[in-house]
Amino acid sequence: MIVVFGSINLDLIFTVPRIPAPGETVLGPATRIEPGGKGANQAVAAARDGGRVIMAGAVGTDSLASGALALLQAAGVDLSRVRTVSASTGCAAIVVDPAGNNAIAVGSGANLAVVASQVEDAALGPATTLVLQMEVPAAETAALIARARAAGSRIVLNLAPALSLPDAALRAVDLLVVNETEGAWLAAEQGCAASAVALRDALGGVSVVLTRGAAGADVADPAGAWREPAMAVQAVDTTAAGDCFVGVLAHRLDRGEPLRQAVQRASRAAALCCTRPGSQGSIPAAAETDAFARA
């Protein structure tokens, strides 16, 4: 079973000829509205890959909430641990250029009301894979990591965006996933090189996946290190690719697959995600990833 503790947003996506510079207005042809949020995206990715998933997060009482939850519901994610609070539902404004690059601004709203107690002790244990990011309060994330470690859960932390957590929390996770920007930030905090191996060693042997976009992913675990190449695709929109990677990776680990095999599957799903416009809606189902891998 996979428990995702994290953010739920509604995304406003603007396709523009270039990412605006400070103070610049850039016109685009249209706007898309889709569910998003790192937590929700990762939950949908794990569920679409075949996982049994519980989502713990929060939405507001406003008109955005139903849209933000729509694809979680469609994917069969258990939403019984999602709170409704008197705050705005989280919302992200995403601009995407023709090369698939993006820039994102997020209004956290209800995500700031997410608390660790939404995940009860009975949902944690050796049969649980807990997935966390950094779009809900860091203190609550750290508290849940400590409880999950004591319960024997597998813990996957996506340090995105790059924000501070106590060293004890970082060292308590089983797998840390960062991109190049997040990895460089954490390396500066830890006083080590910005590599998967250096981060693994600085954190006392925690397995690390450092994603590098089209250059693939660097992986380091207690047994060794390797580079997992990315599949070559024509990127349309990279918005949810990182979250797709994390969700599928967590599901494959939850199934008992070894890390190398899980990373390969996650890389394929993320590559397919990049070929489609949108955020949560671009995340592939298991059969689509299977077919893409064989192509």
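Bear in mind that the values in this text are calculations on the coordinates, not laboratory data. In this text, all values refer to a predicted model and were calculated from it rather than measured experimentally. Don't worry about glycine lacking a Cβ; one is built from the backbone with ideal geometry, like all the others, and counts go over all protein chains shown.
When we screen Gly67, Gly51, Gly36, Gly28 for residues that are touching a Phe, Trp or Tyr at 6+ places or on another chain (Cβ under 8 Å), of a type outside the set (Val, Ile, Thr) and on the phi < 0 side of the Ramachandran plot, the only hit is Gly28. Yes or no: Ala168 touching a helix residue (DSSP H, G or I) at 6+ places or on another chain (Cβ under 9 Å), of a type in the set (A, V, I, L, M), closer than 20 Å to Ala270 by Cα and surrounded by fewer than 16 Cβ atoms within 10 Å (Cβ to Cβ)? Considered against the rule, which asks whether it is touching a helix residue (DSSP H, G or I) at 6+ places or on another chain (Cβ under 9 Å), of a type in the set (A, V, I, L, M), closer than 20 Å to Ala270 by Cα and surrounded by fewer than 16 Cβ atoms within 10 Å (Cβ to Cβ), Ala168 comes out as no. Listed by first and then second residue, the pairs with beta-carbon distance under 8 Å, at least 6 apart or on different chains, first residue in region 92-108 and in contact (Cβ under 8 Å) with a residue 12 or more places away in the chain and polar (S, T, N, Q), second buried (at least 19 other Cβ atoms within 10 Å of the Cβ) and assigned to a strand (DSSP E or B), are Asn102/Ile94; Asn102/Val95; Asn102/Val96; Ser108/Gly90. Annotation: of all residues in region 1-46 being touching a strand residue (DSSP E or B) at 6+ places or on another chain (Cβ under 8 Å) and without any contact (Cβ under 8 Å) to a residue 40 or more places away in the chain, the one that is surrounded by the most Cβ atoms within 10 Å (Cβ to Cβ) is Ile33.
The strands (runs of 3 or more DSSP E) falling completely within region 136-224 that include 2 or more residues that are within 24 Å of Ile104 (Cα to Cα) map to 154-158, 175-179, 207-211. Of the residues making up region 117-142, those that are farther than 18 Å from Gly90 by Cβ, of a type in the set (Gly, Ala, Ser) and in contact with a Leu (Cβ under 8 Å, 6 or more places away or on another chain) number 1.
For region 202-214, the count of residues that are surrounded by 14 or more Cβ atoms within 10 Å (Cβ to Cβ), out of contact with any His (no Cβ under 6 Å at 6 or more places or on another chain) and farther than 19 Å from Leu249 by Cα is at least one.
Here Gly100 clears all of (1) in contact with a Cys (Cβ under 7 Å, 6 or more places away or on another chain); (2) assigned to a strand (DSSP E or B); (3) surrounded by fewer than 24 Cβ atoms within 10 Å (Cβ to Cβ) except the condition numbered (2).
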